[in-house]
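The values are calculated or read from the model by the stated rules, or taken from the named source; none is laboratory data. Since we're looking at a predicted model, the values are computed, not measured. We place every Cβ from the backbone using ideal geometry, glycine too, and count neighbours over all the protein chains shown. Quick note on the areas: whole protein, heavy atoms, side chains included, nothing else; ligands and nucleic acids left out. Shrake-Rupley method; radii C 1.70, N 1.55, O 1.52, S 1.80 Å.
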Amino acid sequence: MPIDVDEVQRRKAIAEATLAVAARDGARAITIRAVAKELGGSTAMVTNYVPTRMALITNAVRAAESRWRADLEAHLGDRSGADRLRATVEWHLSTEPEDLLLRTLWVEMLSTAHVDPQGVDRREPRESRAEFLDASSAAGVPDADLAADVLSLLTRGYYVSTMEEPTYWTAERTGRVARAVVDALIGD
């Protein structure tokens, strides 16, 4: 008799196991076998839901997105105007260990875009850009659309920079750059 498995819960468990492997052994260590071992089961336990290594990484990144949105809303609270825009940018430039790990997975996912364009998560960057657009509009930025583009490029470039030169791109240095960019967009 087949075992009834909640697919959403299984994908979530696979995502958590993928993150655990990456946190302990690095993104390159993510394999179907390693994730199955982390779960304490067979590779079929993984491949029935997530068939490839890149699908493992994409699943883990997507699972984190709902947590990101809740965390962003908590960070923003009842802020408004320019303060909300600054807080939105600040949140996107986090240096928390989990955020750094997820950025590593994001870059790993992007590295296969030329062979698997469907494997790239395009929803999250669009949502982030929409957040920047809303915050820029609410802050009265003269060209909110341009501001959203600039802030999207700033944050995405930061994600890569924190992996290239993590000791150079400290929270202080990044914050200084972000404040200068936001102030220039606002017109301060």
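Data for the structure
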| read-out | value |
| --- | --- |
| Largest to smallest accessible area among GLU16, GLU96 [probe 1.4 Å] | GLU96, GLU16 |
| Positive-end residue of TRP106, GLY81, PRO51, charge dipole of the chain with Cβ unit charges | PRO51 |
| The range 15-164: relative contact order as a whole-number percent, Cα under 8 Å and 6+ apart | 23 |
| Principal-axis tilt of helix 53-76 within the chain, Cα atoms, nearest 10 degrees | 40 |
| Rounded tilt (10° steps) of 81-92 against the dominant C-alpha axis of the chain | 30 |
| Tilt relative to the chain, helix 7-25 - C-alpha long axis, 0 to 90 degrees, to 10 | 80 |
